[in-house]
1. Tell me which of these ALA177 doesn't satisfy, since it passes every other one: (1) of a type in the set (Gly, Ala, Ser); (2) under 25 Å from ASN244 (Cβ atoms); (3) touching a helix residue (DSSP H, G or I) at 6+ places or on another chain (Cβ under 7 Å); (4) modelled with pLDDT of 75 or more.
2. Can you name every residue in the range 500-516 that is out of contact with any Leu (no Cβ under 6 Å at 6 or more places or on another chain) and either among the charged types (D, E, K, R) or open to solvent by less than 10 Å² (accessible area, probe 1.4 Å) (or both)?
3. Out of the residues in the range 512-533 meeting the condition of being of a type outside the set (S, T, N, Q) and out of contact with any strand residue (DSSP E or B) (no Cβ under 6 Å at 6 or more places or on another chain), tell me which one is modelled with the lowest pLDDT.
4. Mind checking whether some residue in the range 580-591 is touching a strand residue (DSSP E or B) at 6+ places or on another chain (Cβ under 9 Å) and of a type in the set (Gly, Ala, Ser)?
5. Looking at the range 656-667, which of the residues that are touching a Ser or Thr at 6+ places or on another chain (Cβ under 8 Å) and assigned to a loop (DSSP other than H, G, I, E, B) is modelled with the highest pLDDT?
6. Using the structure shown, decide if ARG436 is free of Cβ contacts under 8 Å to residues at least 40 places away in the same chain and not in a helix (DSSP H, G or I).
7. Considering only the range 398-409, I want to know if a residue exists there that is open to solvent by 10 Å² or more (accessible area, probe 1.4 Å) and over 21 Å from PHE479 (Cα atoms).
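The values are calculated or read from the model by the stated rules, or taken from the named source; none is laboratory data. Every value quoted in this text rests on a predicted model; they were computed, and no experiment measured them. Neighbour counts run over all protein chains shown; Cβ positions are idealised from the backbone, glycine included. We work out accessible area using only protein heavy atoms, side chains counted, and drop any ligands, DNA or RNA first. Shrake-Rupley method; radii C 1.70, N 1.55, O 1.52, S 1.80 Å.
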Amino acid sequence: MSNEYRSRQDRRKSSKSRDAEKKPSKKKRGLPLWKKLFMALIAAVLIVMTIGAVTAVAMISGAPDLDPEQLVLSEAAEIYDQNGEQITRLQSGENRTLIDINEVPDDAKSAFIAVEDARFYDHFGIDFRRLGGALLANVSDGFGAEGASTITQQVVKNAFLSPDKTVARKVQEQYLAVQLEQQYSKDQILEMYLNLIYFNQGAYGIGEASSIYFNKEVSELEIEDAALLAAIPRRPSYYDPLQNPENSLERRNLIIHLMEEQDFITAEQAEQASNVPLEDQLDHTPSEEGAVYDSFISHVQNELENIEGITSADLYSAGMRVYTTLDRDAQEYGEEVVQSNEQIADYPDSEEFQVGYSLIDTETGAIKAMVGNRQGADVARGFNYATGANADAGSTIKPIVDYGPAIENNQWSTFHQLTDAEHSYSDGTPIRNASRNYAGDVSMREALTRSLNIPALKALQETGLPEAEEFAEGLGIEFDEFYESAALGSFEPGVSSLDMAGAYAAFGNGGTYNEPHAITRIEFPDGREIEMEPESTEAMSDYTAYMMTDMLKDVVSDSSGTGQAANIPGLPLAGKTGTTNFTQDELDANGIPDGGVPDVWFTGYTSRYTASVWTGFSGQRGANYMNESEREIAKEIFRLTMDDVSAGIDTPDFEMPDSVEEVDLVKSTGERATGSTSSSDITTELIVRGSNQDLTAPPSEPDIGSSDDAGETNDAPVEEVPVEEPVQETEEAPEEEAAPEEEATEEEEVTPEDEPADDESSDGTDGTTEEDNNQTEEEPAEGGGTETAPSDDTGGQDSGNTEEENTETPEQNSGGTSTEEPSSDAGAESNSTPEEEGSASSNSTPESTEEETTD
């Protein structure tokens, strides 16, 4: 029994054991997913914080010590010339007048705090509210897009740190800022800041700036003075009130508004300060040290301030080395020519007469010399007219806007025929030449050499405004809007001599454009380097560049060229003149005599160097003018400086590319010359290889207002066409035959008021070059600086005269905005003397007609 019992018990246990094995086991419940994620997040944050802390410690360990001496003195950039020899420092520590914070008026303190660090007295070195906004901007726009530096941080950055925009430097900056706040009071830190920052014009610190800009002690600063100074440090050159008064005034008034908004001043005080004219504030007192190569160094500063990732404060305190393109010999001679009377004795007797001169390397665009005013070294950081003149270009624009695009897009030959006859802008406004005569059918070469206006406009109209604008922009010329008036040099925002030098250099460089530049590289104290030379761009075909150059050589060498005074015997040289004029209202209101003009240009180049010269006046327009002899100054500056820089070096002639073919053509027909053709009837011209342009077809006959591409001519005898038939393009007429003057009186009646406000605002001298009028006795000096577009020079026979040559007579234009006043006179009397032509073509004397600029 007992055994049986145990056996049953065993079976039961065994059965229970099997049943237990069959039942699923209960699993233990784990943590919810969200808790796991939360714990993982905490762990990740702790890991990141640990890594961040370790990294921050490593970064902070590399931070420099707070050296009290460095809190006052900073190391400015050193500038080197093209040979690696030091020229100067941007500024030295000696140009510093240290001030005590107790000397600074409360309004002056408030101005800087309002614009730089509104919560300066509330934070401990770091402004987290400002930092948050900067972080958002940096996430959306990239690191360094917006700064959050307090005044304290700026002090330590300028005194101790490199200009890198890196996380490491920012961490060190914040760490040192907190340390600085612990060791110095707020007023002490503000004093350091005001003694450290750079104000341009050679002034470090508010003390020196007060003296240079206002001739005042710091304690004498008014609200408007303090706001003006507070405007400068952000971008010293850009906000310099002497160099860029409009920028400075706008920022000054913004800071005054911020002072009011932050309750530093009352609304009444703000209004009163904002109404003070900038010129009433300034009393410029230059540093006794003077300026070294002032215009060039100023441009270097501008280039430095435009470098992405580097602030202006970095540039004047980081101890960097800046290597430039400066040719000291060329710079010093340029200053001697422009800023003294040793080389040119007939400068206008006016303190407002100014010059903008730029010399660059034709192949690279490297700026070799720059003179931006007549003041000399006694006026440090004066306005730089070489880069900031923004004047109408006059006839110097014709290769860029009119004929260059025509060759590039239409493959015109240099013999391409254009009819110089009565013509109008597309809106119906008439255009005329300075000579108020027509030359009939002329080649593109002759039209450019003599600087005729009507053919220039026709070239633009036939090529098309979009194509011309694109071509010009490829040469660095900018336009707010592009109108037909650009054909004669009138457009906004205008151009500087540096712009024109850069554009013309591309013609001499086979069509390759290099942006003019002054800096080649920058070296930092830690060994880093930044290469600064810009990349080249192909702006045009090589045939366009060479054919344009070949025609521009005639401008200075041909007997009918307007630029003969700029020619240098033995030097392969190409160039173009330009003149602007006053409107008739300006002539009348200011009592400007016939021939008085506001601006005169010359831009030219060799295969080595390119130079551009602008001459004109500062101050109110119409208050000054250049007379006949003074209009030659631009060419003389060019001739002297180009001759000097070319002395002792080999200057090869421009090389004709394979894409261009030189052909002998029959003048009267445009056909290829044969062995039986008389040498006197042969003209040697250039064509695009493979193109049959201008070899067989006669000129077309477009309507007035359209372009007259008088392209190819045929064997038929050339017929002389009366000026009365401006609608038709005539076959090229013999230069000796003048077109009838029957309609001359009507065109003479065109006044600046009749001209288009926009299109005709090109510089009045453009169309008719002064030299053109001077060239031949047949053409009267044209005046009439109306705002209408310039018209062609002479009647059919006037072809010998260049508009610019009209400089012999005071034929300057009056139309400041317009190019040379278009003259409607026919050239019938071209055989007459200049005096006769002047009276014949207009009711006024030659002098009065000269009002139309000749360039």
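1. Failing condition for ALA177: (2).
2. Scanning the range 500-516 gives MET500, ALA501, GLY502, TYR504, ALA505, PHE507, GLY511, GLU515.
3. If we filter the range 512-533 for residues that are of a type outside the set (S, T, N, Q), which is where we start, we get 513, 515-519, 521-533.
Subsequent filtering for residues that are out of contact with any strand residue (DSSP E or B) (no Cβ under 6 Å at 6 or more places or on another chain) retains 515, 517, 524-528.
Values: GLU515: 95, HIS517: 96, PHE524: 79, PRO525: 75, ASP526: 70, GLY527: 77, ARG528: 78.
Once the filter is applied, the top-ranked residue is ASP526.
4. Looking through the range 580-591, none of the residues is touching a strand residue (DSSP E or B) at 6+ places or on another chain (Cβ under 9 Å) and of a type in the set (Gly, Ala, Ser).
5. First pass over the range 656-667, keeping only residues touching a Ser or Thr at 6+ places or on another chain (Cβ under 8 Å): 659, 662-667.
Add one more test, that the residue is assigned to a loop (DSSP other than H, G, I, E, B), and what stays is 659, 667.
Numbers: SER659: 95, LYS667: 86.
Checking each candidate, the answer is SER659.
6. Values: free of Cβ contacts under 8 Å to residues at least 40 places away in the same chain: no; not in a helix (DSSP H, G or I): yes.
Considered against the rule, which asks whether it is free of Cβ contacts under 8 Å to residues at least 40 places away in the same chain and not in a helix (DSSP H, G or I), ARG436 comes out as no.
7. Within the range 398-409, the subset open to solvent by 10 Å² or more (accessible area, probe 1.4 Å) is 408-409.
From what is left, the residues that are over 21 Å from PHE479 (Cα atoms) are none.
So far as the range 398-409 goes, no, none of its residues is open to solvent by 10 Å² or more (accessible area, probe 1.4 Å) and over 21 Å from PHE479 (Cα atoms).
Listed here are the residues, each with its yes/no results for (1) among the small types (Gly, Ala, Ser); (2) over 30 Å from ASP664 (Cβ atoms); (3) at pLDDT 90 or above; (4) part of a loop (DSSP other than H, G, I, E, B).
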residue	(1), (2), (3), (4)
TYR357	no, yes, yes, no
MET370	no, yes, yes, no
GLY382	yes, yes, no, yes
TRP412	no, no, yes, yes
ASP427	no, yes, yes, yes
